[in-house]
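Heads up, the thing below is written out as structure tokens.
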Amino acid sequence: MSAPPKTDSRPLSPHLQIWRPHATMAASITHRITGMGLYGGTLLIAVWLFALASGPDAYAAVEAAAFSLPGQAVLFLWAVAVLYHFINGIRHLVWDGPGAGFSPKVASQISIFNYLFAIVGAGALMFAAMMS
């Protein structure tokens, strides 16, 4: 007969209470969130295309929504999501290919750079759109 199983009060895997937040953890979570946000942006593009095909009145309504302050905020956040997901995807390609950037210090620096790239890049896109 087998012995009764041991009862151990330790968790089976590391739990949230022992993890310290760091830049690469935030980058991973942000990458997943921006990936989901891209789906929402794709739906907005579909609405815009549908309005474009529906006629001038429908297009004018979508255009008015896009140029409103909330519409501009949504466009800015969508641009941040696109740029962040893009640059973070390149980071993953570098990790999978040559395998560079795995040290904790470099990984954190790249994560912070990705945030800055997305925010500054989206700001530059919005500025360029307003100037045109």
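Taking the stretch 36-68, which residues are hydroxyl-bearing (Ser, Thr, Tyr), in a helix (DSSP H, G or I) and exposed (fewer than 15 other Cβ atoms within 10 Å of the Cβ)?
Once the filter is applied, which keeps residues that are hydroxyl-bearing (Ser, Thr, Tyr), in a helix (DSSP H, G or I) and exposed (fewer than 15 other Cβ atoms within 10 Å of the Cβ), the stretch 36-68 yields TYR39, THR42, SER54.
Being among the hydrophobic types (A, V, I, L, M, F, W, C) and closer than 30 Å to MET25 by Cα: is that true of ILE45 here?
Values: among the hydrophobic types (A, V, I, L, M, F, W, C): yes; closer than 30 Å to MET25 by Cα: no.
No; evaluated as a whole, the condition is false for this residue.
Yes or no: the stretch 95-107 includes at least one residue that is within 18 Å of LEU38 (Cα to Cα), under 21 Å from the mean Cα position of the chain (by Cα) and assigned to a helix (DSSP H, G or I).
Taking every residue of the stretch 95-107 in turn, none turns out to be within 18 Å of LEU38 (Cα to Cα), under 21 Å from the mean Cα position of the chain (by Cα) and assigned to a helix (DSSP H, G or I).
Any idea which of ALA107, ALA128 is surrounded by 10 or more Cβ atoms within 10 Å (Cβ to Cβ) and among the aliphatic types (A, V, I, L, M)?
One residue alone meets the criteria, ALA107.
Computed from the coordinates by the stated procedures, all read-outs in this text should not be read as laboratory data. Model, not experiment: these values are computed from the prediction. Using ideal geometry, Cβ is built from the backbone for each residue, glycine included, and neighbour counts are taken over all protein chains shown.
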